[in-house]
Amino acid sequence: MSIAAGLETRGSIASDLAALHASIDALAERVDREGTGEGAHLKSVERAARRLDSVKLTIIAQADRARAGDGEGHASTSTWVDHLTRSGGRRAAAQVFLATSLEESAPATRTALAEGAVSSEAAGIIASAMERLPVELTDTERGAVEAALLRDARTLEPARLRRSVTRALAAAERSAAEVDADQNRLLATRETRA
């Protein structure tokens, strides 16, 4: 029996999920029958998995905003996610962090994940970096950092992307320190004139 047969089909999201499961069932059967191990197929399945990760994270962010777990007696969105997915508390907490960070601090990364251009692991690395940027940075500067990290995420494996993040954070700290120093010099000049 297919997974799709077990889903309720009332409402458009439920019917879309049922259709998705039916498509996965059909694809799995075809791969079993006709699969050749082609790299293009693997890349396409990876992209689809990334896109599904994005949908899952959007649902988690929506649930967090709506405090969906409260009505079911859960202390947090993380415990609610863990209860529903059996992913473990640590993994559930990481998913909630990523879901909310993508919406609040890393919109371009959220889009790249939705397109399947980056993995959820890379998105998590970037979202974490965006959360750690100095608050003094302008939106333009934050966007430039995110864009540079996204360029790296498209070509680097996670360990190398983490090194890129370390360099980007160091550069952002220097930039913030330079702005602070300029402001202090300006203030000192104004005080001297007064």
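The values are calculated or read from the model by the stated rules, or taken from the named source; none is laboratory data. What you are looking at is a predicted structure, and each value in this text was computed from that prediction instead of being measured. Because the Cβ atoms are built from the backbone with ideal geometry, glycine has one as well, and the counts that use them run over all protein chains shown. To get the accessible areas, we keep the full protein, side chains included, count just its heavy atoms, and leave off ligands, DNA and RNA. Shrake-Rupley method; radii C 1.70, N 1.55, O 1.52, S 1.80 Å.
Quick rundown of the values:
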read-out: Within the chain, longest stretch free of exposed trypsin sites (Lys or Arg not before Pro) [DSSP loop, at most 10 other beta carbons within 10 Å]; value: 87-194
read-out: Residue 83 - accessible surface, heavy atoms, 1.4 Å probe, Å² rounded to 10; value: 80
read-out: Accessible area of region 35-194 belonging to carbon and sulfur atoms, whole % at 1.4 Å probe; value: 52
read-out: The chain - percent relative contact order, Cα under 8 Å, separation 6 or more; value: 15
read-out: For the chain, calculated [θ]222 nm from helices alone, where every DSSP H run of n ≥ 4 adds -39500 (n - 2.57); value: -26000 deg cm²/dmol
read-out: Per residue Cα convex hull volume in Å³ - calculated over the chain; value: 167
read-out: Rounded if a/c under 1.5, otherwise prolate or oblate - region 13-99, Cα gyration tensor axes; value: prolate
read-out: Among 32, 82, 64: highest mean-square fluctuation, GNM of the chain, C-alpha pairs under 10 Å; value: 32
read-out: Net +/- balance of residues flanking residue 65 in space, Cβ distance below 11 Å, scoring K and R +1, D and E -1; value: -2
read-out: Rel. contact order, % - alpha carbon contacts under 8 angstrom, at least six apart, region 123-176; value: 52
read-out: Whole-angstrom gap from region 18-44 to region 75-94, using each part's C-alpha centre; value: 29
read-out: Vicinal HN-Hα couplings computed from phi for region 141-157 (Karplus, 6.51 cos²θ - 1.76 cosθ + 1.60; Hz; Gly/Pro x); value: 5, 4, x, 5, 5, 4, 4, 5, 5, 5, 4, 5, 5, 6, 10, 9, 6
read-out: Cα long-axis angle, helix 12-34 against the chain (0 to 90 degrees, to the nearest 10); value: 70
read-out: Of 158, 69, 45, farthest towards positive along the dipole that unit charges on Lys, Arg, Asp, Glu beta carbons give the chain; value: 158
read-out: In region 62-164, the GluC sites (Glu not before Pro) that fall in loop regions by DSSP, at most 12 other Cβ within 10 Å; value: 115
read-out: Debye, to nearest 20: dipole size of region 45-88, +1 on Lys, Arg Cβ, -1 on Asp, Glu Cβ; value: 220
read-out: Cβ-placed point charges (K, R +1; D, E -1), dipole of the chain about Cα centre in debye, nearest 20; value: 360
read-out: Net length gained if the chain between residue 132 and residue 13 were fully extended (0.36 nm per residue, minus Cα distance); value: 39.3 nm
read-out: Estimated dipole of region 48-161 in Debye, rounded to 20 [Cβ of Lys and Arg +1, of Asp and Glu -1, Cα centre]; value: 380
